[in-house]
Amino acid sequence: SDDFHWEFDTGAYHEYIHIWQASQNKHGFISAIAGCYSCNEWSEKDPNLNKQWVSPRWFQEGQCAVIQTILAEKMEYRAEHSHCCTIPPPVFEVRNYINDKLLNVQGYLLGEREESPSSGFAYFTLGEAASFYKFAKMNHDFQTFKDFEVARGSYGYAYAMQQFLGMSEDAFNIEFNNWYYNPNLTQQQKLDFLYPEGLNPIPYDIQKRRN
């Protein structure tokens, strides 16, 4: 169809979520570091500030993707990202997205704080899976998942990891990698852990923009 479908225009609110993330930064140097991990005056003075205060790039994008997909399902969007001029896809479902897109990475481990030329798209795909894993460890509580970002903006990523998950960034990476590549877990078991059947993280109606 050549007709525009407003439901396709979902990529824009991904960027609005990034604005919300950035708005949690209570200190200007956090935004400076997050803008360029390896080319800012703060990291040059103290490289530890990066890991202490700023989320890894995979979580900046992954947290945004988790919130975006939950909203997409809640509002019954027909696409998680922007599309145009195609036959409308089925109504978006988070579990289908995780199963089809996030559980098939091979040979790449979570650990880098920023993507590299060698990591390719696997960096962000695995990062999204890790973000859903973090959401699962928070008992799939949407408010807690958002509160993590509020704490991160005030006291730093390392603080938020200890406060909400009781572990360091490195410990989380090891735990997640062991879980993701555990040969004793089926893909169905991983899916059910990340996003159980019937999960409704936003337990109230959201007004839709449909006519």
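The values are calculated or read from the model by the stated rules, or taken from the named source; none is laboratory data. Predicted, not measured: the structure shown is a model, and the values here were computed from it. Note that each Cβ is placed from the backbone with ideal geometry, even for glycine, and that neighbours are counted across all protein chains shown. SASA here: full protein model, heavy atoms, side chains in, ligands and nucleic acids out. Shrake-Rupley method; radii C 1.70, N 1.55, O 1.52, S 1.80 Å.
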| query | Among the residues of the stretch 135-162, which ones are among the basic types (Lys, Arg) and either buried (at least 21 other Cβ atoms within 10 Å of the Cβ) or in contact with a Cys (Cβ under 8 Å, 6 or more places away or on another chain) (or both)? | reply | ARG152
| field | Qualifying residue in the stretch 182-196 (condition: open to solvent by 90 Å² or more (accessible area, probe 1.4 Å), part of a helix (DSSP H, G or I) and farther than 18 Å from TRP58 by Cα) | value | yes
| Residue, farthest from the chain's Cα centre (by Cα), within the stretch 98-129, restricted to residues that are more than 17 Å from ASP192 (Cβ to Cβ), aliphatic (A, V, I, L, M) and outside any loop (DSSP other than H, G, I, E, B) | ALA122
| task | Hey, could you check the stretch 46-75 for residues that are open to solvent by 40 Å² or more (accessible area, probe 1.4 Å) and modelled with pLDDT under 80 and say which is nearest to TYR133 (Cα to Cα)? | result | ASN48
| Taking the stretch 19-45, which residues are open to solvent by 20 Å² or more (accessible area, probe 1.4 Å), at pLDDT below 75 and outside any helix (DSSP H, G or I)? | CYS36, SER38, CYS39
| Does the stretch 46-66 hold any residues that are more than 15 Å from ASN173 (Cβ to Cβ) and outside any helix (DSSP H, G or I), and which are they? | ASP46, PRO47, VAL54
| task | Test ALA171 against the stated conditions and say whether it is assigned to a helix (DSSP H, G or I) and buried (at least 18 other Cβ atoms within 10 Å of the Cβ). | result | no
| task | Considering only the stretch 97-135, state which residues are within 21 Å of ASP170 (Cβ to Cβ) and aromatic (Phe, Trp, Tyr). | result | TYR108, TYR123, PHE124, PHE132, TYR133, PHE135
